[in-house]
Each structure stands twice: as C-alpha cells, then as structure tokens.
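To start, the structure under review is shown below, and the notes come after it.
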Amino acid sequence: MEKLLELHSVGYSYHTLQGETPALSNINFTVHRGEFVAVVGPSGCGKTTLLSLLSGLLEPEHGSILLYGQKLFEKGSGTIGYMLQHDHLFEWRTVEQNVLLGPEIQKKLTARKREEVSDMLKTYGLYRFKDARPSQLSGGMRQRAALIRTLALNPELLLLDEPFSALDYQTRLTVGDDIGTIIKKEHKTAVLVTHDLAEAVSLGERVIILTKRPGTIQNIIPIGFPASLSPLERRNAPEFKDYFNQLWKEMNET
Ligand code: ADP
Ligand code: MG
C-alpha cells in the first residue's frame, strides 16, 4: 500500500507568556492511501494539535511530517480537507452555495465542478435542499453538507476533529454511519480524532491511542471487521465489544 502520510518523531510545544506547554512528543505513525485512521485520547492530550500539524497550520517543533514523501509544511496543504466539530455553514448562503464555497474562493468553480458537486448532493440526499438555508436542515444533514463542502475541493486527505460531538447521541450514530460510508465510497484517506471509543471502533481501520498530555503513542490497535460492514453494522457485530474493551483498558493505563 502506498504511504500517504508519515510522521517521524513529531513533537510540539506551545510557547506562551505563562511558559511552555508540551502538547505532543515522539509521535510516529504512517497512514496509507485509502485508509481510515482514528486517534483517541483524553481531553487535552494534543489531538487537535496533531490535526493542526497534519493540516500544515502548525510546523512540527521536532521531527518531520511527510506527505507523499515530501515535507508537508514546505509542500503546503492544498490537498488536505479539514472538518470540524461545528459545521460553519453560512446562513446567508443556500446549501448549494455553501458546498461550492471552496472552489469559488479558489477560483476553480467550473461547470464540471458544479456538476460533480450536484452529483454528490444527489447521491447523499441533499439535492432537494440545495436552495434551502442551513437552518432548514437537521443536524445530520448539516454535517453531510459540511462534508460535501470539504470533498468539493477533492482533498487527498481528510482530517476530522470530533465532527459529531455537537450532535445528540441518536443523531451521532446515524451521522457517523453516513459520513463513514461516504468517505469510503469516495475512496478518501481520513484521520479522525475523537474521545469517543465506540466511534473510533465503528469507523477506524486502525486506532491510535494517545496518552495524557504531552500526548505520545500508547498503542496502535488494528480493527479487523469485514470491509463490507458499515459503521452501524460494526456496532452490532460480536467483535465490537472486544475492541471497545481493549481500547478502554489501554486508555485506563495511560
Ligand atoms: P485535545 O484536542 O486533545 O483536547 P489540544 O491539542 O487542543 O488537545 O491541546 C493540547 C494541550 O495544548 C492542552 O493542554 C491545551 O491547553 C494546550 N494548548 C492548545 N492550544 C494552545 C495554544 N494556542 N496556546 C497554548 N496552549 C495551547
Ligand atoms: Mg480538540
């Protein structure tokens, strides 16, 4: 499998007037093309910092991050899509205008791009809401719109920072299922950070467990469900609780 992302001994500290806060230390892992990696760890352990480094917003203080073998920070982050906890859809734009925002800003809004995005809206059940405002959508539909907006830029790597944590429990299960299925169908590579172990097991092909701050890798657990299972089906599979318990045990050892 082709290596998309490599982290070699990555470390990062925040420097403020109050002093230095080491956030991450000695992080090593590889993400292959098409893989879905989940990262779990306690609150404040450096998960968001890790995604900021992977997106090229922050430069590693120690070590290096390579995207297709080239230093990420120098190469730039044009091929990386970032999806956050809040969907940041603009109320003054329609759903369609929201999902086309990225290509519009980058001056890449061609007829072909419009068609591609329309097709995604159709495939993922939002086409009939294309002229609606974000406030007319359910929480789950908004998150789907936010994902389509991210996909409209055709990113090679998707970074997801606790994207379901603002949703109620019921919705997060179905939206997690939706988003996981879409990412797989579009053959994207994804790194999802979450503090929800069940979410990590339902979506990840590997789960990276971080220790308390400064986050270091405690363990990397391969998750071996049949590829045909959707995230919701995984939750009902007998192995689910074994993986969950394994993660739970690891997390309590950090
Ligand atoms: P997580 O996403 O796992 O909750 P973060 O990556 O947001 O953790 O933060 C890791 C640590 O770094 C925390 O202790 C946090 O307080 C600190 N931190 C995060 N951002 C900043 C910043 N801009 N300046 C100083 N400290 C920060
Ligand atoms: Mg965070």
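Which entries in K3/K185; K3/K249; K71/K113 show an alpha-carbon gap greater than 27 Å?
With Cα atoms farther than 27 Å apart: K3/K249; K71/K113.
Hey, rough spin-label estimate for S138 and R93, points 7 angstrom out along Cα→Cβ, what's it come to in nanometres?
The modelled label-to-label distance comes out at 2.5 nm.
Hey, what's the stretch 80-154 come to in accessible area per residue, 1.4 Å probe, Å²? Walk me through the numbers before you get to the answer.
Details: 4000 Å² over 75 residues.
On a per-residue basis, 53 Å².
Computed over the Cα atoms of the chain, what is the ratio Rg over Rh, Rh following Kirkwood?
Dividing the radius of gyration by the Kirkwood radius yields 0.97.
Could you list which residues have their amide H under 5 Å from that of T189, counting only those 5 or more apart in sequence or on another chain, with H placed in the peptide plane?
G34, L158
So how far apart, in nm, are the two label points at N154 and S43 if each is 7 Å from Cα heading toward Cβ?
4.1
At a 1.4 Å probe radius, carbon and sulfur cover how many percent of the accessible area of the stretch 80-154?
Carbon plus sulfur share of accessible area: 50 percent.
Is any residue of the stretch 143-170 close enough, with backbone N under 13 Å, to a label point placed 7 angstrom from the Cα of S230 along the Cα-Cβ axis, and if so, which?
none
Report, as a whole number in µm² per second, the diffusion coefficient that Stokes-Einstein gives for the stretch 70-173 at 20 °C and 1.002 mPa s using the Kirkwood radius over alpha carbon pairs. It would help to have the intermediate numbers written out before the result.
Working: Rh = 14.3 Å.
The estimated diffusion coefficient comes to 150 µm²/s.
The values are calculated or read from the model by the stated rules, or taken from the named source; none is laboratory data. The shown structure was predicted, so the numbers you read here are calculated from the model rather than taken from an experiment. Quick reminder, even Gly has a Cβ in these numbers, built from the backbone with ideal geometry, and neighbours come from all protein chains shown. Please note that ligands, DNA and RNA were not included when accessible areas were found on the heavy atoms of the full protein model with its side chains. Shrake-Rupley method; radii C 1.70, N 1.55, O 1.52, S 1.80 Å.
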